[in-house]
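All remarks here apply to the structure that follows.
The values are calculated or read from the model by the stated rules, or taken from the named source; none is laboratory data. All values reported here derive from a predicted model rather than from experimental measurement. Quick reminder, even Gly has a Cβ in these numbers, built from the backbone with ideal geometry, and neighbours come from all protein chains shown.
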Amino acid sequence: MPGLFLEATVLGLGNLVHCDDGAGVHAIALLQVDPRVPMGAVLLDGGTQGLGLLHHISSARRLLVVDAVDVGELPGTVVRFEGAALRGLPGKPSVHQLGFADLMVALELLGESPGEVVVLGIQPASVEWGSELTPAVAAALPHLLDLAVAQLQTWSQA
């Protein structure tokens, strides 16, 4: 029955000691207490583990990634990538570009790529040392959460 159980993993990437780089990890922490998240969604704080996440997401049917994504937009801009757009992200798509790209290639080589992958990113203002999000990113975080919940709810209806 649609809506009762969702087979999706939400992966938050980021480094909490590099200001806005921690946006994905902050998002996961907030989603863990968000009552709008459908039952069955696996919320995973991936931090900066890179390939160490392979065994955690190898069985995911659907993967939603939240991360700081540098696409040259104004700080706090939320962007969405999916499908073929993931292979041709403009500029330096993520502070964790190499680790995330390696993870996706490894899943593909193992024949365990998720059926659907969506990346929701937020343009950082600063990735310098610091434990707080910048005001622009902190203000945009609720919008990122709304988009993440909307994606999960869409998947739960499929």
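Some observations on this one:
- Qualifying residue in the stretch 95-114 (condition: under 18 Å from V79 (Cα atoms) and at pLDDT 85 or above): no
- If you go through the stretch 115-126 and keep only what is within 17 Å of the chain's Cα centre (by Cα) and closer than 28 Å to G72 by Cβ, you end up with E116, V117, V118, V119, L120, G121, I122, Q123, P124.
- Single residue of A23, A29 found to be surrounded by fewer than 19 Cβ atoms within 10 Å (Cβ to Cβ) and either assigned to a helix (DSSP H, G or I) or β-branched (V, I, T) (or both): A29
- Of all residues in the stretch 111-131, those being within 19 Å of V10 (Cα to Cα), hydrophobic (A, V, I, L, M, F, W, C) and surrounded by fewer than 21 Cβ atoms within 10 Å (Cβ to Cβ) number 1.
- Residue-level check: of (1) part of a helix (DSSP H, G or I); (2) in contact (Cβ under 8 Å) with a residue 24 or more places away in the chain, R36 misses just (1).
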